[in-house]
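**Student:** Before we start, here is the structure in question, set down as structure tokens.
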């Protein structure tokens, strides 16, 4: 894919404009940012009919093009979903401002004082497939955290994204935040060019399929925050309460099967499998879930259960499909998850607190749950107001990423003619290193 020098120059100019706007946004007081968020919320509410109409056109075109079922579920933005997104903007306004917080306040010596202060990252580049509601979440978090943002949505959502960003910028025009702090790219050619803008973009956040995220990771020098897979598990321990574990499994798989926090594999302890599997299979099939199983599951549920292959344990279906495996122990379940999982979110159903503690300590995932649905792995549900994405990397931020993941820090040192030579050599003066009140 090639991009003309004219198009490249135009995108560079957009990035430069975003960075200038971000610098203005970074120093605004909390009240000004919150007023901007309320203006965004109101502008989105006023433009709701146009936004929904644009999304309906996107959905109609996507269906005609044969869009995959999981992508279509993410693409759809009806009036109720839009109202939820608008409520999320106002929730972000209620959050504590993460900028300007003093993390360290320390006297190095008399009259020589160190501070570590939280500050914005700068400019975010967010590339996503479908999910037009992500525009609202990301823009609101960017404004609150003092960051500029360049958004690149998928072609299937271009009308929706244009309508949303138009409303967001109209809202910002009624505030102290420059509207140019939020930008939208609309062509495929611009994606690769955005990934080259390491002088202007500080963080890339991809949201989409496994192959899409890996493509982004392989084609940029800009730091990337995100996850390539959402292979989540529920392990039903031998000490699980069967009814509770059935309910958790059904919700984790069917409440929104296209989500990255829906389970793809159900692990069941051999001791409870004869009683649990028939009950959960009936409940899942009532929700039209296709079940695959290993030899242990087939021995209990019958030969009409399709046999799971090795590839199924590492597959993210994002659909009403679930692979079932019978395991001999808690240790075997943990080993399976750490081998095939994607370090996203994994849960245990058990009434044995020690088993739960062992599971949560040993499973190497961003989210480890006990007796609840994996669908709680979400920034809104965590009280973050919204999220820019979910990170499965080991370095922070990890899990659902809200405001705290869009903030870095800087060190400020204030002295009165102090020089390093005073503290070096045989007559070196010692530092006091006394922590002061934050």
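**Student:** Using DSSP, restrict attention to beta bridges with both residues in the chain and report what percent are antiparallel, rounded to the nearest 5.
**Tutor:** Close to 30 percent.
**Student:** What's the ranking of 8-15, 168-175, 419-426 by average number of surrounding C-beta atoms within 10 Å, highest first?
**Tutor:** Per-residue mean Cβ counts within 10 Å order the peptides as 168-175, 8-15, 419-426.
**Student:** If we count other beta carbons within 10 Å of each Cβ, what is the order of 395, 360, fewest first? Working shown, then result.
**Tutor:** On the way: 395 7, 360 16.
So the residues, fewest neighbours to most, are 395, 360.
**Student:** Turning to a different aspect of this structure: Exposure proxy check: 69, 325, 81, 76 ranked by fewest other beta carbons within 10 Å?
**Tutor:** With the fewest neighbours first, 69, 325, 81, 76 line up as 69, 81, 76, 325.
**Student:** Give the shape of the stretch 92-162 as rounded, prolate or oblate, defined through the alpha-carbon gyration tensor: a ≥ b ≥ c are the square roots of its eigenvalues, a/c under 1.5 means rounded, and otherwise the shape is prolate if a/b is larger than b/c and oblate if not.
**Tutor:** prolate
**Student:** Taking the Cα atoms only, what angle lies between the long axis of helix 79-94 and the longest principal axis of the chain, rounded to 10 degrees?
**Tutor:** 40
**Student:** With axes computed from alpha carbons, what is the tilt in degrees of helix 5-26 against the longest principal axis of the chain, rounded to the nearest 10 within 0 to 90?
**Tutor:** 80
**Student:** Tell me whether the stretch 236-306 comes out rounded, prolate or oblate; compute the Cα gyration tensor, take square roots of the eigenvalues as a ≥ b ≥ c, and use a/c under 1.5 as the rounded threshold.
**Tutor:** oblate
**Student:** What nm value, rounded to one decimal, do you get for the distance between residue 332 and residue 438 when each label is placed 7 Å out toward the C-beta?
**Tutor:** Those two pseudo-labels are separated by 4.7 nm.
**Student:** Okay, moving on. How much length, in nm to one decimal, is gained on full extension between residue 299 and residue 27, taken as 0.36 nm per residue of separation minus their Cα-Cα distance?
**Tutor:** Stretched out fully, the residue 299 to residue 27 stretch lengthens by 91.5 nm.
**Student:** Using the number of other C-beta atoms within 10 angstrom as an exposure proxy, rank 277, 71 with the fewest first.
**Tutor:** By the 10 Å Cβ count, ascending, the order reads 71, 277.
**Student:** Which order, highest average first, do 257-264, 216-223 follow once you tally other Cβ atoms within 10 Å for each residue and take the mean per peptide?
**Tutor:** 257-264, 216-223
**Student:** Using a ≥ b ≥ c from the Cα gyration tensor of the stretch 289-409 (square roots of the eigenvalues), is it rounded, prolate or oblate, where a/c under 1.5 gives rounded and otherwise the larger of a/b and b/c decides, a/b for prolate? Write out the running numbers ahead of the final one.
**Tutor:** On the way: a/c = 2.31, a/b = 1.77, b/c = 1.31.
Prolate, since a/c reaches 1.5 and a/b exceeds b/c.
**Student:** Further, regarding this structure: Roughly how many nanometres apart are two label points built 7 Å out from the Cα toward the Cβ at residue 371 and residue 199?
**Tutor:** My value for the distance between the label points is 5.8 nm.
**Student:** Contour minus end-to-end for residue 429 and residue 358, with contour as 0.36 nm per residue of separation and end-to-end as the Cα-Cα distance?
**Tutor:** Here the segment from residue 429 to residue 358 would lengthen by 20.6 nm.
**Student:** Additional query: Could you order peptides 327-336, 108-117 by the average number of other Cβ atoms within 10 Å of their residues, highest first?
**Tutor:** Answer by packing, highest mean first, reads 327-336, 108-117.
**Student:** Okay, next question. Stokes-Einstein diffusion coefficient for the stretch 50-149 at 20 °C in a medium of 1.002 mPa s, Rh from the Kirkwood formula over Cα pairs: what value in µm²/s?
**Tutor:** In µm²/s, the coefficient rounds to 130.
**Student:** OK, next. Find how many whole Å separate the alpha carbon centroid of the stretch 208-274 from the alpha carbon centroid of the stretch 316-388.
**Tutor:** Cα centroid to Cα centroid, the span is 7 Å.
**Student:** Under a point spin-label approximation (7 Å from Cα along Cα-to-Cβ), what is the residue 418-residue 186 distance to one decimal in nm?
**Tutor:** 5.4
**Student:** Also, I was wondering about something else. Give me the angle, in degrees from 0 to 90, between the Cα long axis of helix 330-340 and the longest principal axis of the Cα atoms of the chain, rounded to the nearest 10.
**Tutor:** It works out to around 60 degrees.
**Student:** Let me ask something additional. Report, in whole Å, the centroid distance computed from the Cα atoms of the stretch 131-183 and the stretch 69-109.
**Tutor:** Taking the Cα centre of each part, the stretch 131-183 and the stretch 69-109 sit 13 Å apart.
The numbers here are math on the coordinates, done by the rules we state, and not lab data. Quick caveat: nothing in here was measured; it's all calculated off a predicted structure. Because the Cβ atoms are built from the backbone with ideal geometry, glycine has one as well, and the counts that use them run over all protein chains shown.
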